[in-house]
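S.K.: Supplied in structure tokens, the structure appears directly below.
We did not get these values from a lab; they are worked out from the coordinates using the rules stated. Keep in mind that this is a model prediction, so the values were computed, not measured. With ideal geometry, Cβ positions are generated from the backbone for all residues, glycine too; neighbour counts draw on all protein chains shown.
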Amino acid sequence: MKRALLVIDVQNEYFTGAMPISYPKESFENIIKAMKTAKENNIVVIAIQHTALQNNATAFVKDSLHWQLHEEVKNVGYDYLIEKNLPGSFTDTDLHKILKQHDIDTVTIIGYMTQMCCDTTSRQAFHLGYSVEFLSDATGTLDISNYAGKISAEELHKAILVTQAMRFSKVLSTYDWIKGIN
């Protein structure tokens, strides 16, 4: 097994912007733990950064403070930075090419938001033939309310984890993932 850690959209937007992540509370701490463990074990770390292309975008506006990666993610470091414009990290990016260059067969998903970019990227990876690990406590989301209804962050997160575990990925805690590497 040769892994890559995909650090999805850990940007200031989710900390000081319009969409503060609320569940699980320890998600950011676990993202940093997973990144440090990956670096210590020579696992390729790929940071993925979302950029909104819409002219009227109010979030993820390129070069804004909220668009930037969280400072701790930058401090831990990564091997590659990929900019994406849609929820799937493989869509119109070099992610698949980079993974193939490194003979990666397994991707580990961490970051934000559980039900959007993490879930979509996991499904894309599965469809491309990768084994996928989805870290339950190193992904996160917030309460969502729109014209279709309302759901709490906890309920939404749990629903995605259950769905991921049905077919798309192996859902693990950060602790169990680290234990499996060391």
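S.K.: Each residue of the stretch 37-52 in turn: what ³J(HN,Hα) in whole Hz from Karplus with 6.51, -1.76, 1.60 and θ = phi - 60°, glycine and Pro shown as x?
M.R.: 5, 4, 4, 5, 10, 6, 8, 4, 10, 10, 8, 10, 10, 7, 10, 7
S.K.: In nm, what is the difference between 0.36 nm times the number of residues separating Asn182 and Met166 and their Cα-Cα distance?
M.R.: Working: separation 16, 0.36 × 16 = 5.76 nm, distance 2.65 nm.
Length gained, Asn182 through Met166: 3.1 nm.
S.K.: May I ask you to derive the relative contact order of the stretch 3-181, considering only C-alpha pairs under 8 Å and at least 6 residues apart, and to give it as an integer percent?
M.R.: After rounding, I find 27 percent.
S.K.: Here's something else I'd like to know. Rounded to two decimal places and with Rh computed the Kirkwood way over Cα pairs, what is Rg over Rh for the chain?
M.R.: A ratio of 0.94.
S.K.: Can you pull the one-decimal nm distance between simple spin-label points at Leu128 and Asn85, each 7 Å off the Cα toward Cβ?
M.R.: 1.8 nm
S.K.: Structure shown: which of Lys39/Lys150; Lys36/Lys170; Lys2/Lys158; Lys25/Lys97; Lys74/Lys150 lie over 32 Å apart, alpha-carbon to alpha-carbon?
M.R.: Pairs exceeding 32 Å: Lys39/Lys150; Lys25/Lys97; Lys74/Lys150.
S.K.: Tell me, what is the FRET efficiency for Thr16 and Asn146 to the nearest 0.05, using R0 = 35 angstrom and their Cβ-Cβ distance as r?
M.R.: 0.95
S.K.: Obtain the nm distance between the two label points defined at Lys97 and Gln68 by a simple spin-label model: each point lies 7 Å from its Cα along the Cα-to-C-beta direction.
M.R.: The modelled label-to-label distance comes out at 2.9 nm.
S.K.: Using the Cα atoms of the stretch 67-128, I'd like the radius of gyration and the largest Cα-Cα distance, Dmax, both in angstrom.
M.R.: In Å, with Rg to one decimal and Dmax whole: 11.9, 32.
S.K.: Could I ask something else about it? Over the stretch 38-93, what per residue volume does the convex hull of the Cα atoms give, in whole Å³?
M.R.: About 85 Å³ per residue, rounded to a whole number.
S.K.: If packing is taken as the average number of other Cβ atoms within 10 Å across a peptide's residues, how do 128-140, 109-121, 61-73, 78-90 rank, most packed first?
M.R.: Ranking the peptides 128-140, 109-121, 61-73, 78-90 by packing returns 109-121, 128-140, 78-90, 61-73.
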